[in-house]
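All remarks here apply to the structure that follows.
The values are calculated or read from the model by the stated rules, or taken from the named source; none is laboratory data. As the structure is a prediction and not an experimental result, all values here were calculated from the model. Neighbour counts run over all protein chains shown; Cβ positions are idealised from the backbone, glycine included.
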Amino acid sequence: MDFKQIEAFVNVVRYKSFSKAADATFFTQPTISTHIRNLEKELGVKLLDRKSRVVEMTPQGSKFYKYAVEMINARAQAFDALNDNSENIGGILEIQTSSIPSVTFLPSLLAGFRTTHPGIQYYVSVSDTQTVIDNITERRGEIGFIGEKINSSSIECTQVAVDKSVLIAPANYDIPSTINLTDAIQYPFIWRETGSATRRTFEQAALKRGFEKDEFEVAALVDDMDTMIRSVEAGLGVAIISEKIASSLGGRMKTADIKDFNEDRVFFMINLKSISFSPAAEAFSGYVKASMNVK
């Protein structure tokens, strides 16, 4: 077993594809396949299920994956310690993020960090909050960004940003700049998927005020922020999104504050407590805390 085999396995798991893993690591696909085949032969187990278009881990692969990540991180830390050069950090940093951080504060953090560490390459996976938590727990990424605080003994949760949610509506809707829930539910809603923290927070606030989920007319469920915004712009219905995102739309649609839902949205950086960071993740975590004035 050598590190090239282990890295090949970890990257195929990250990208869920042999070809994407090859592109990201500048190897050929046959080389990646050979490394993993030899690793499976040495371990005496099948690590990956290749039957579907998306490559997934077998149960044995899931068990091995966390150790594989630890071995790669430990090697990187050893080289970093021996070189005694924290400015020369490189490698692939995998980040899991929910949709709002991905289009608000995260891009500038990625750009700023890479000016200091040009050897860094990012793999950014955008999903909903629950998927980010699940992926971090399963070690598909060292650092995640989500829109709600979680109480977990295994996950460290650090507040990094604050925003609020607003209602956006098509330009031809007769909606005032401030609206209450009773009036808002007269319009068809475009919702994010069930794992969305924005949706969950809004529904919880509505339930507290005596509204039921079935009182909201649902025009569509989407799993992509851009699709949701474009659907609102096309006149399909209204939606709840980040004020920061709404302010970047350039007047393409109407924006309204919701009287009954004016709580601040707080965003967090998360990571597993039980693992050792790679040098890249450790440096990036410190950069985020410094940039966002985390105390």
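List of remarks:
- Residue, surrounded by the most Cβ atoms within 10 Å (Cβ to Cβ), within the range 130-188, restricted to residues that are of a type in the set (Gly, Ala, Ser) and closer than 27 Å to MET292 by Cα: GLY144
- Highlighted here are the helices (runs of 4 or more DSSP H) found entirely within the range 75-176 that include at least 3 residues which are under 30 Å from PRO188 (Cβ atoms): 99-103, 129-137.
- Of the numbered criteria (1) modelled with pLDDT of 90 or more; (2) buried (at least 16 other Cβ atoms within 10 Å of the Cβ); (3) in contact with a strand residue (DSSP E or B) (Cβ under 8 Å, 6 or more places away or on another chain), the one GLU282 fails is (3).
- Residue within the range 192-202 that is among the aromatic types (Phe, Trp, Tyr), without any contact (Cβ under 8 Å) to a residue 60 or more places away in the chain and in the same structural domain as MET228 (by TED's automatic domain parsing) present: yes
- Considering only residues in the range 101-116 that are of a type in the set (S, T, N, Q) and under 18 Å from THR158 (Cβ atoms), the one that is surrounded by the fewest Cβ atoms within 10 Å (Cβ to Cβ) turns out to be SER108.
- Top-ranked residue of the range 32-72 - restricted to ones that are more than 22 Å from GLY141 (Cα to Cα) and outside any helix (DSSP H, G or I), ranked as modelled with the lowest pLDDT: SER52
- Residue, farthest from PRO279 (Cα to Cα), within the range 88-99, restricted to residues that are modelled with pLDDT of 90 or more and of a type in the set (Val, Ile, Thr): THR97
- Considering residues of the range 26-49 that are in contact (Cβ under 8 Å) with a residue 24 or more places away in the chain and out of contact with any Gly (no Cβ under 9 Å at 6 or more places or on another chain) only, the residue nearest to GLY91 (Cα to Cα): ILE32
- Leading residue by the ranking (farthest from TYR122 (Cα to Cα)) among those in the range 15-30 that are touching a helix residue (DSSP H, G or I) at 6+ places or on another chain (Cβ under 7 Å) and part of a helix (DSSP H, G or I): GLN29
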